[in-house]
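S.K.: Handing you this structure, nothing more for now.
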Amino acid sequence: MAQSPKPLTLMGPHVEAHREIAVTPYPPAVRSAVSTAVVSRAERRTAVRDWLLSAAPNAQEAKAEWRDYGIAVLACGGVLGAVRVPADLVFAAAGVEGPAAKASSGEIAAVDVFLSNWFDGGAVVMDIGSRQYYFLVPTSMGSQWDPREYPGVECLGHSHYLGVPVVDHTEPEGRAYWAVEMDSPGDLCWPDEVVALLHRGREALGGDPLVARPQSPTPDAQEESARVS
């Protein structure tokens with residue numbers, strides 16, 4: 001039988017000397033279920049959803065797309081941009097071997113953990129069908145982008161559109177999901193961290209830019225692309 005946690009003795013200028021105060025420490029399992037945050041996860045996701053809708057050509061249509069398809073089309077070049085990166089390059093940066101097209105669910109989950117630890121905040125979407133990652137970034141990154149530096153990688157800005165999953169879809173299922181969930185409105189990836197990740201992936205692939213070229217989309221991805229356009 002598990003023993004009850006012992007009270008902690010608190011000392012300090014605002015605590016009477018030698019006064020024992022019963023403060024019961026929560027074990028990790030309980031901490032994961034009990035939050036001291038003023039704003040709940042559901043409230044944060046609602047705020048993120050509303051912020052993302054500000055990038056939609058038509059907010060009502062985007063809401064309907066999320067409801068009916070799980071993915072809404074947002075416009076790049078306003079409040080957000082995106083860097084599209086082949087999964088092979090991201091897997092290489094994460095130290096996961098083998099082609100991304102044949103990756104297991106465990107390998108995809110390992111890459112998600114790597115990305116969550118790599119970025120200081122930020123938000124990343126993975127398109128499962130086409131095996132592409134989309135790093136959401138400030139639109140200003142487009143003015144600094146040299147497309148010759150990383151073949152197969154593209155910075156999406158004005159005149160580009162991006163399919164974004166509903167905010168609470170964080171599991172690698174369906175068409176696309178949040179590999180790194182946006183924790184608060186406007187929490188985008190830092191451009192320097194994106195570039196550092198690209199460099200790490202390229203070095204892991206032996207500096208061969210051809211390996212980083214995008215793969216041909218699957219039939220499902222082609223059908224979805226036709227529907228969106």
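The values are calculated or read from the model by the stated rules, or taken from the named source; none is laboratory data. It should be emphasised that the depicted structure is a prediction, and the values quoted were computed from it without experimental measurement. Note that each Cβ is placed from the backbone with ideal geometry, even for glycine, and that neighbours are counted across all protein chains shown. Protein only, heavy atoms only, side chains kept; ligands, DNA and RNA dropped before computing areas. Shrake-Rupley method; radii C 1.70, N 1.55, O 1.52, S 1.80 Å.
S.K.: How many residues are open to solvent by less than 60 Å² (accessible area, probe 1.4 Å) and modelled with pLDDT of 95 or more when one looks only at the stretch 146-156?
M.R.: 3
S.K.: Out of (1) out of contact with any Cys (no Cβ under 9 Å at 6 or more places or on another chain); (2) surrounded by 22 or more Cβ atoms within 10 Å (Cβ to Cβ); (3) small (Gly, Ala, Ser), what's the single condition that is false for residue 104?
M.R.: Condition not satisfied by residue 104: (2).
S.K.: Going by the conditions given, is residue 159 at pLDDT below 95 and on the phi > 0 side of the Ramachandran plot? Spell out how you get there, then give the answer.
M.R.: On the way: at pLDDT below 95: yes; on the phi > 0 side of the Ramachandran plot: yes.
Taking the combined requirement at face value, the residue satisfies it.
Conditions (1) free of Cβ contacts under 8 Å to residues at least 12 places away in the same chain; (2) of a type in the set (S, T, N, Q); (3) within 23 Å of residue 78 (Cα to Cα); (4) buried (at least 18 other Cβ atoms within 10 Å of the Cβ), marked per residue:
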site	(1), (2), (3), (4)
112	no, no, no, yes
116	no, yes, no, no
125	no, no, yes, yes
131	no, no, no, yes
137	no, no, yes, yes
141	no, no, yes, yes
144	no, yes, yes, no
158	no, no, yes, no
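S.K.: Hey, any hits in the stretch 56-70 for a residue that's modelled with pLDDT of 95 or more, farther than 30 Å from residue 200 by Cα, open to solvent by less than 60 Å² (accessible area, probe 1.4 Å) and part of a strand (DSSP E or B)?
M.R.: No.
S.K.: If you don't mind, there's one more thing I want to ask. Checking residue 217 against (1) surrounded by fewer than 18 Cβ atoms within 10 Å (Cβ to Cβ); (2) modelled with pLDDT under 90; (3) closer than 27 Å to residue 46 by Cα, which test does it fail?
M.R.: (3)
S.K.: May I pose another question? Are any of the residues in the stretch 186-206 open to solvent by 60 Å² or more (accessible area, probe 1.4 Å), at pLDDT below 95 and among the basic types (Lys, Arg)?
M.R.: For the stretch 186-206, residues open to solvent by 60 Å² or more (accessible area, probe 1.4 Å), at pLDDT below 95 and among the basic types (Lys, Arg): absent.
S.K.: Take the residues in the stretch 92-109 that are part of a helix (DSSP H, G or I) and out of contact with any Pro (no Cβ under 8 Å at 6 or more places or on another chain), then tell me which one is farthest from residue 193 (Cα to Cα).
M.R.: Of all residues in the stretch 92-109, those part of a helix (DSSP H, G or I) come to 92-94, 100-102, 105-109.
The next check asks that each one be out of contact with any Pro (no Cβ under 8 Å at 6 or more places or on another chain); those that pass are 92-94, 101-102, 106-107.
Values: 92: 16, 93: 12, 94: 14, 101: 25, 102: 27, 106: 24, 107: 22 Å.
That would be 102.
S.K.: Now a separate question. Surrounded by fewer than 21 Cβ atoms within 10 Å (Cβ to Cβ), of a type in the set (Lys, Arg) and free of Cβ contacts under 8 Å to residues at least 12 places away in the same chain - does that describe any residue in the stretch 171-179?
M.R.: Restricting attention to the stretch 171-179, the residues satisfying the condition of being surrounded by fewer than 21 Cβ atoms within 10 Å (Cβ to Cβ) are 171-175.
Next, from what is left, pick out any that are of a type in the set (Lys, Arg): 175.
Cutting the leftovers down to free of Cβ contacts under 8 Å to residues at least 12 places away in the same chain gives us none.
Checked against the condition, which is being surrounded by fewer than 21 Cβ atoms within 10 Å (Cβ to Cβ), of a type in the set (Lys, Arg) and free of Cβ contacts under 8 Å to residues at least 12 places away in the same chain, the stretch 171-179 yields no hits at all.
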